[in-house]
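Step one of this worksheet: look at the structure below.
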Amino acid sequence: MEVVILAAGKGTRMNSSSPKVLHEIGGRPMLSHVIRIALELEPDKIHIVVGYGADQVATKIEDEFPDVPVNWVTQSEQLGTGHALQQALPDINTDSDENPVLVLFGDVPLIRKETLSAMLLEPQADELSLLTFEASPPAGFGRIIRDSDAAVTAIIEERDASAAQKLISEVNSGIMAIPAQALPSWLQSLGNNNDQGEYYLTDIIALAHSEGVTIRAFMAQDEMEAMGVNNKVQLALLERHLQKNIANDLMEAGVTLRDPARIDVRGTLRCGQDVVVDVNAIFEGKVTLGDGVSIGPNCVIKNASIAAGTVILAGTNIEDAEIGPQASIGPLARLRPGTKLGANTKIGNFVETKNVIMGDGSKANHLAYLGDVELGSGCNIGAGTIVCNYDGVSKHKTQLGDNVFIGSNSVLIAPVKLADNAFVAAGSAVTSDVPADSLAVARGKQRVIAEWKRPSKS
C-alpha cells in the first residue's frame, strides 16, 4: 500500500499567510496528525503533494518526523484534487495489482487508524473504497449518489448538485483507496467541465462505476473524524472535539478532571493514578504526571516531568523542567527551562527559576529570582532574594551547599559559592564566596539623622 496525502492548498478562507495544513490542532499541525495515522498503517511509501508554502511545509514536517522518508511532490498550479494526484502518479507503483493507493487529506486531522483499517480490509484489485459520513447540515460537501440498489455510482460536488441532490445527507470525505493499476487511465480521463474548472478526483467514482468496478463505501461513525478544515471556525470546532476525546480518555484512565470542557492538551499527557487536574490547565509538548499529582487551576505546563505526590498550585507556569516527588509549586510561580527540583522542595508564589538544580527539602517560598543556581539540600531562600547571574556579557553560576540560609532582600552576585551551613544576613549584597558555618553581612551601616524633615512641595 502507498499513501498519498494532498496538502497543496493555501486555504484562502483561513485568512492567513500560513499554509492551511500547518494550522495547528492539539498543538500540532493538521498535516502531522495525518502523517502519524498514515505511519500506523505501515505503508510502503508516503507521498505528500504540496503547493503553497511547499518549503515551509516540508521544513516543518521533516523537523517533526526526521526519520520518516517522504516523497515530496509539488503541485505548482492548484487545478483540483485529481490534478494533485496526477502529480504523484509517476512515483507510484502502478504495475502491481496488489497495491491500493490510499488518498488522505492534510486538512482532515482527526481521521482514525481504525476507520482506515476497516476501509482497507481485504482490498481487491478491482475494487475502489471510499469513506463517507452523514453531515448535518451537508452544505459544502460532495453528495454520495446511489442507485436503486444502494450502490455508489457517483459523487456530485456541491456547486454542481441539483436541488434534489443537495438534500442528500451522505457526503464524501475525500478519502479513498484506489487500485494502483487503474489510476493512470482514470486520472487521464478526468475533465474539468464543472463550475470551478478543476479536475475533481471524485469523478473517478463515476468512471469506476461505468467500468463495472465495485465501489465499497464505508461510513465513518463520527462525523468529526472525516471532516476537513476550510476556515478558522471549523478549525476551532475540531479542536474542541479533539479535546473532548482527550478528556474522555483521561477520565477513563482514572484522571479526575474538575471540568472536562476546560482542559487543553497540546501534545501528549501521560498520567499515573489518582491525578487531579483543575480547570483551565494547558499541557504542551510531552508532559508526565506521576501518581497523586494535583494540578491547580490556570496552570500552563510544557515539556515537564512531575513526580508522584507533587502539588502544582494555581496560575503556575512550568517549561522544560523536572520536579521530584512531594514538591509544592506555586501559586503563581514560573519554572523556566533547566529547572530540576528534588524531593520535598518548595517554590512559592512569585518565584522564578531558570537553570536551577535544587536539592531535597530546599525551598524558596516567595518573591525570588533564581537563575543559574545549584542548591544543595535543606536550603532556605528568603523573600526578595535575587541571583544576579548576568553581567551584561556572560551568564555565571552560583553554588549553594547544604542547609544554606539566604535572608530576605539579599542579592547574590554570581559567580559565588556558599558552602554548607552558610548564613546570609537580610539585605546583604554578596560578591564573594562564603565559607562553611559562616555568617555573611554585606550592607551599609545604618545611620539615624535626628530632627530630619521630609521635603514638601512648595
(Q) One residue is enough: does region 442-449 have a residue meeting the conditions without any contact (Cβ under 8 Å) to a residue 60 or more places away in the chain and touching a Gly at 6+ places or on another chain (Cβ under 6 Å)? (A) yes
Q: Could you check how many residues of region 41-68 are over 22 Å from the mean Cα position of the chain (by Cα) and either in a loop (DSSP other than H, G, I, E, B) or without any contact (Cβ under 8 Å) to a residue 12 or more places away in the chain (or both)?
A: 4
Q: Restrict the check to region 142-151 and report whether at least one residue is in contact (Cβ under 8 Å) with a residue 40 or more places away in the chain, more than 23 Å from Asn192 (Cβ to Cβ) and not basic (Lys, Arg).
A: yes
(Q) When you scan region 104-119, do you find a residue that is in a helix (DSSP H, G or I), among the small types (Gly, Ala, Ser), in contact with a Ser or Thr (Cβ under 8 Å, 6 or more places away or on another chain) and touching a residue at least 40 places away in the same chain (Cβ under 8 Å), even just one? (A) no
(Q) Out of the residues in region 427-443 meeting the condition of being of a type in the set (A, V, I, L, M) and in a loop (DSSP other than H, G, I, E, B), tell me which one is surrounded by the most Cβ atoms within 10 Å (Cβ to Cβ). (A) Ala442
Q. Considering region 201-240 alone, what residues qualify as being small (Gly, Ala, Ser) and either assigned to a helix (DSSP H, G or I) or closer than 20 Å to Met119 by Cβ (or both)?
A. Ala206, Ala208, Ser210, Ala217, Ala220, Ala226, Gly228, Ala236
Q) If you go through region 342-362 one residue at a time, do you hit one that is under 22 Å from Gly330 (Cα atoms), in contact with a Pro (Cβ under 6 Å, 6 or more places away or on another chain) and part of a loop (DSSP other than H, G, I, E, B)? A) yes
Q) Looking at region 241-266, which of its residues are part of a strand (DSSP E or B) and surrounded by 15 or more Cβ atoms within 10 Å (Cβ to Cβ)? A) Leu257, Ile263, Asp264, Val265, Arg266
(Q) Go through (1) closer than 22 Å to Leu110 by Cβ; (2) surrounded by fewer than 21 Cβ atoms within 10 Å (Cβ to Cβ); (3) out of contact with any strand residue (DSSP E or B) (no Cβ under 7 Å at 6 or more places or on another chain); (4) among the charged types (D, E, K, R) for Lys60 and report which single condition fails. (A) (3)
Q: Output the qualifying pairs, or none if there are none: Cβ atoms under 6 angstrom, residues six or more apart or on different chains, first residue in region 390-406 and in the same structural domain as Lys363 (by TED's automatic domain parsing) and farther than 20 Å from Gly427 by Cα, second residue at pLDDT 95 or above and in a strand (DSSP E or B).
A: Lys395/Asp372; Lys397/Asp372
Q. Within the set of pairs 6 or more residues apart or between chains, which connect a residue that is without any contact (Cβ under 8 Å) to a residue 12 or more places away in the chain inside region 341-352 to a residue that is surrounded by fewer than 21 Cβ atoms within 10 Å (Cβ to Cβ) and in a loop (DSSP other than H, G, I, E, B) with Cβ atoms less than 7 Å apart?
A. none
Q. What are the pairs, 6+ residues apart or on separate chains, where a residue within region 303-322 that is over 18 Å from Asn349 (Cα atoms) and in the same structural domain as Pro337 (by TED's automatic domain parsing) has its Cβ under 6 Å from a residue that is among the polar types (S, T, N, Q) and assigned to a loop (DSSP other than H, G, I, E, B)?
A. Gly309/Gln326
Q. Only one of these conditions is not met by Leu79: (1) more than 30 Å from the chain's Cα centre (by Cα); (2) at pLDDT below 90. Which number is it?
A. (2)
Q. Would a scan of region 342-357 turn up a residue that is buried (at least 20 other Cβ atoms within 10 Å of the Cβ), touching a Leu at 6+ places or on another chain (Cβ under 6 Å) and closer than 19 Å to Gln399 by Cα?
A. yes
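Just a yes or no: is a residue in region 330-339 at pLDDT 95 or above, part of a strand (DSSP E or B) and within 19 Å of Phe405 (Cα to Cα)?
No, there is no match, as no residue in region 330-339 is at pLDDT 95 or above, part of a strand (DSSP E or B) and within 19 Å of Phe405 (Cα to Cα).
The values are calculated or read from the model by the stated rules, or taken from the named source; none is laboratory data. Here the structure is a predicted model, which means the values were calculated and not measured. For neighbour counting, all protein chains shown are included, and Cβ atoms are generated from backbone atoms with ideal geometry for every residue, glycine included.
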